[in-house]
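Undergrad: I am attaching a structure below and will ask some questions about it afterwards.
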Amino acid sequence: MPTRSSGFLIESSHGTKGNFEVVTPRTGGGVSHLWRNNDVAGFPWSGPAIAFGSTGDVSAASLIQSNYGAAGNLEAVVREGNQLFHIWRDDGASWRWQGRTYLPGATAVSGVPGFIQSSFGTMGNFEVVAPLAGGGLAHWWRANDGGQTWYGPFPFGSGTVNAVALLQSNFGSPGNLEVVAQVGSQLVHYFRDASGWHGPTPFASGVSGAPGFIQSSFGTKGNFEVVAPLAAGGLGHWWRANDTDQAWHGPTVFGAGAAQAASLIQSDVCAPGNFEVVTRAGTQLRHYWRDTSGWHGPNTVALEKACRSAAGGQAALPYGSGTVAIHMGLMRTRKVVLWGMSDPDGAVVQSRVLNPVTGALATPVVPHHHPHLFCAGQAFQKNGELLVAGGSGDTLAALHTFDPATQTWVHRGSMHNGRWYPTVTALPDGRMVIISGTKGTGGPIGSGSPVNNTIEIYDPATGTVGPELPLPAPRFSTHFPAGFDTIDLYPFVYVLPSGKVAVHSRNTTRLWNPPATGTSGGSWDPAQYRTVSPISRSYPAEGTSVLLPLLPAGGYRPRLMVIGGAGADPGPGLNENTPAVATTEILDLGAPAPAWQNVAPMATPRVMPDAVLLPNGKVLVVSGSSTGKADLGGDPVFQVQWFDPATSGWTTLCSTRVPRLYHSTALLLPDGRVLIAGKDGAFQPPAYKYPEHRCELFSPPYLFAGPRPTFTGAPASAGYGASITVSTPDPAAIGSVALIRCGAVTHSFNMDQRFVGLAFTPGTGAITLTTPPNANVAPRGWYMLFLVSTTGVPSVASLLQLT
């Protein structure tokens, strides 16, 4: 049956008695969904869970259950900024929200829209009425008997309207459209019959929020019933006696406290049908109901989980990135270079330089055409320039650098073959290793885009690329599936304190001995270290990985960590609905018999997460999806966790706000916060098919744990095995010192982050640090130098170049 009343609360056909369903705007974009199970004693509410995302904070949403689909789809019209879009949930098949159709017209909307399915047409048209930013109202409809085309807007009315509630009544033939609108502190009534729109008729005052409006079963003709928040607090109930003079009565006041909006239904719980009201009041939903004895409630449901910053940190959305940040790199200037495709046009590349303190954006210099650098690999050279290898399209085999001083892209020549999804790693002496990726036409592995199963070394000193060096033959790993002999894409690669290079692909880690000098040679150790889980951890089943902190007290013992990932190997079994995993494994390469071992899992499974090494030595994990694979994950994870290598345990922190799925990134900043950005619209399921340009800053709990150590002096460069003096007002308060390499991240792997602990001795007004013993422990280049207090609070970093 068509839905004839509008609001953000409905009683659906799900369950024997019909569940209550609520949609409400959520901080961070999109809409949250809550539901009440009316078949269970106590009528428990579930949620909130994100239903779908959006490019910004949603201001209002209206919900119906339509006659589409076997079970009746949920349909919503949402105001995002000054425009409306329609989205629907396939109830009974995928149970996922689908589509994102913006309603036509260039007229800006405001306020709360009303949305129903009317009886017009065989299928029942969709009808929307919404306030216009310039005053008055407008009407749209979708002709469901034809091509499901939206028409409108068709303006009517006048004045500044804050909110609309819409229904189709039993007056007239085939039924008038009826609107109750909030105009300032008044409620007014419009109706549309065969001759057009009529009104407004004021009938209430003293209101302060969006109304709920139904035609009830009371009276022979069915009374009109309205509930709205009152400026004095609580709610007011008005009704129109449709059997007599059609005069409005009320208000009956009930409830308490301020609310921003109310939604009203008449349920089938008890005879003759209770009135059910849900209000939005700050971060709460409040549920009231009226039976034959009067109004009751409220029962409250939290829209956001309470979280203390001192225990869980804090997320904020201060500014935008100007583009989809598929790639990010922290430069020695303390600014971040970021780039990605101009979504949805993948043929256009955009890059920006972000000042993460102020949010100011600059556009880099591109001497010729802008190279297609997305889906490349990148790492910083020892001089602080970022080397970017490969990319897409005409950049598949290209080498570029980005100069932090001039903010300029420079073409540095070409590799022997293309590389789409390669990994780049800085060797101890400044040479750069480039490994994996696809060649041919680029793109995912296929007949036209085979894996580039080689290594190349680029020498910045000479600007030359050496010959393609072989990977293990005849197969990278005997643990790979039959027929997959090559390395996989975006492998996890680390320089070890021994000088060897650890390469992890799919489920196997192998060690490479790079040539001592030049760009030719090298050999592979025969050992193959297979993870406990046989499932791939590289693209497109990607988890994430870090080299755990290298500490002098442990002799800089190297331990690799892999985190999360998809629940199946690439293939037919890996799809949008495949559950991700929460598993965490560590490979201790300093053990007598190294082997991957399980440690405590994360609290939440996730595929395509990002891991960030923090100044306190912990590993922060953000973003990803609890189901799916790299480019098709539809269940975003907002929970933030950090892992303590000292205890091998996880702690759950406060959540982030914005859905971050494929093509999202995270990076440690010099002030100890974590910059989180990205998520494209081209490679997402329908509910998240929009480009994400908002940046999020996560402040870990240590930033709320007391005063920060400070520098009063620090050197800008240092050699290896040296003693250097750093001035600080309270040396006795310093508990640890860390060098963290300036990171460069893409596709859930930071190719350039590295944590090296430093031994130190407190003095008077200063501490004496001992730099790493050699470049194997800390390859040459730029690092953030953090002082960390005895209570775990980091300083703002000083930038130091290891030469």
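The values are calculated or read from the model by the stated rules, or taken from the named source; none is laboratory data. Quick caveat, the model's predicted, so the values are computed rather than measured. No Cβ is skipped: glycine too gets one built from the backbone with ideal geometry, and neighbour counts run over all protein chains shown. For the accessible areas, the whole protein counts, side chains as well, though only heavy atoms, and no ligand, DNA or RNA atoms are used. Shrake-Rupley method; radii C 1.70, N 1.55, O 1.52, S 1.80 Å.
Undergrad: Given charges of +1 on the Cβ of Lys and Arg and -1 on the Cβ of Asp and Glu, with all other atoms neutral, how large is the dipole of the chain about its Cα centre, in debye to the nearest 20?
TA: Values: 47 positive and 46 negative charges, 300 e Å.
Dipole of the chain, to the nearest 20 debye: 1440 debye.
Undergrad: Here is a further query. Keeping all protein chains in the complex and leaving out DNA, RNA and ligands, what accessible area do you get for residue 296 with a 1.4 Å probe, in Å² to the nearest 10?
TA: 60
Undergrad: Put +1 on the Cβ of every Lys and Arg and -1 on every Asp and Glu Cβ in the stretch 333-467; which of 383, 422, 364 then has its Cα farthest towards the positive end of the dipole?
TA: Looking along the dipole axis, the top candidate is 383.
Undergrad: Further question: Just the number, please: Stokes-Einstein D of the stretch 533-599 in µm²/s, Kirkwood Rh from C-alpha pairs, 4 °C, 1.567 mPa s.
TA: Details: Rh = 13.1 Å.
So the translational diffusion coefficient is about 99 µm²/s.
Undergrad: Heavy atoms only, probe 1.4 angstrom, no DNA, RNA or ligands counted: give me 304, 75, 576 ranked by accessible area, highest first. Before the final figure, lay out each step's value.
TA: On the way: 304 70, 75 5, 576 40 Å².
Largest to smallest exposure gives the sequence 304, 576, 75.
Undergrad: Would you mind classifying the stretch 553-699 by shape? Square roots of the alpha carbon gyration tensor eigenvalues, ordered a ≥ b ≥ c; an a/c under 1.5 is rounded, otherwise it is prolate if a/b is larger than b/c and oblate if not. Mind dumping the intermediate values first?
TA: Details: a/c = 2.32, a/b = 1.35, b/c = 1.72.
Since a/c reaches 1.5 but b/c is at least a/b, the shape of the stretch 553-699 is classed as oblate.
Undergrad: Right, here's the next one. Packing-wise, with mean Cβ within 10 Å as the measure, how do 204-213, 581-590 rank, highest first? Write down the numbers at each step before the final one.
TA: Details: 204-213: 23.0, 581-590: 19.5.
Order by mean packing, descending: 204-213, 581-590.
Undergrad: Here's a follow-up. Could you work out Rg/(2.2 N^0.38 Å) for the stretch 384-540, with Rg from alpha carbons only? All intermediate terms of the calculation are to be shown ahead of the outcome.
TA: Values: Rg = 15.4 Å, N = 157, 2.2 N^0.38 = 15.0 Å.
Its radius of gyration relative to the 2.2 N^0.38 Å reference: 1.02.
Undergrad: The stretch 678-693 to the stretch 153-223: how many Å between their Cα centroids?
TA: Each part reduced to its Cα centre gives a spacing of 37 Å.
Undergrad: I need the Kirkwood Rh of the chain: take the reciprocal of the average 1/r across all distinct C-alpha pairs and report it in angstrom.
TA: Values: mean 1/r = 0.0349 Å⁻¹.
Computed over the chain, the radius equals 28.6 Å.
Undergrad: About the Cα centre, and with charges only on the beta carbon of Lys, Arg (+1) and Asp, Glu (-1), how big is the dipole of the stretch 215-335? Nearest 20 debye, please.
TA: 1040
Undergrad: Between rounded, prolate and oblate, where does the stretch 658-753 land on the alpha carbon gyration tensor, with a ≥ b ≥ c its root eigenvalues, rounded for a/c under 1.5, else prolate if a/b exceeds b/c?
TA: On the way: a/c = 4.06, a/b = 2.16, b/c = 1.88.
Here the stretch 658-753 falls in the prolate category.
Undergrad: Still on this structure, please answer the following. Using a basic spin-label model with each label point 7 Å from the Cα along Cα→Cβ, how many nm lie between residue 119 and residue 646?
TA: 7.2
Undergrad: Still on this structure, I have one more. How large is the charge dipole for the stretch 563-631, taken about the Cα centre, if only the Cβ atoms of Lys, Arg (+1) and Asp, Glu (-1) carry charge, to the nearest 20 debye? The partial results should precede the final answer.
TA: Values: 3 positive and 6 negative charges, 34 e Å.
Roughly 160 debye, rounded to the nearest 20.
Undergrad: Which of 532, 795, 156 sits closest to the plus end of the dipole of the chain, meaning its Cα is farthest towards the positive end, when Lys and Arg get +1 and Asp and Glu get -1 on the C-beta?
TA: 795
Undergrad: A further question follows. Along the stretch 291-305, what does the Karplus equation 6.51 cos²θ - 1.76 cosθ + 1.60 (θ = phi - 60°) give for ³J(HN,Hα), rounded to whole Hz, x for Gly and Pro?
TA: 10, 5, 9, x, 7, 9, x, x, 8, 10, 10, 6, 8, 9, 6
Undergrad: Describe numerically, in nm with one decimal, the distance between label points set 7 Å from Cα along Cα→Cβ at residue 41 and at residue 525.
TA: Label-label distance for residue 41 and residue 525, simple model: 6.2 nm.
Undergrad: At q = 0.17 Å⁻¹, what base-10 log of I(q)/I(0) does the Debye formula yield for the stretch 1-107 when every alpha carbon is treated as an equal point scatterer in vacuo?
TA: Normalising to I(0) and taking log10 leaves -0.78.
Undergrad: Which entries of 439/618; 382/500; 382/689; 305/618; 618/679 show an alpha-carbon separation above 29 angstrom in the structure shown?
TA: Values: 439/618 37 Å; 382/500 19 Å; 382/689 39 Å; 305/618 24 Å; 618/679 25 Å.
Beyond 29 Å: 439/618; 382/689.
Undergrad: Right, another one. Given the C-alpha centroids of the stretch 367-404 and the stretch 68-118, what is the distance between them in whole angstrom?
TA: 41
Undergrad: Could you work out how far the C-alpha centroid of the stretch 480-507 sits from that of the stretch 263-322, in angstrom?
TA: 49
Undergrad: Compute the accessible area per residue over the chain, keeping the other protein chains in place, probe 1.4 Å, unit Å². Before the final figure, lay out each step's value.
TA: Details: 26820 Å² over 803 residues.
Accessible surface, normalised per residue, equals 33 Å².
Undergrad: Mind ranking 44-53, 375-384 by how tightly packed they are, going by the mean number of other C-beta atoms within 10 angstrom, highest first? Could the numbers behind the result be given before it?
TA: On the way: 44-53: 19.5, 375-384: 25.3.
By packing density, highest mean first, the sequence is 375-384, 44-53.
Undergrad: Let me ask something additional. Choose one of 703, 212, 167: the residue whose Cα lies farthest towards the positive end of the charge dipole of the chain (beta-carbon charges +1 Lys, Arg; -1 Asp, Glu; about the Cα centre).
TA: 703
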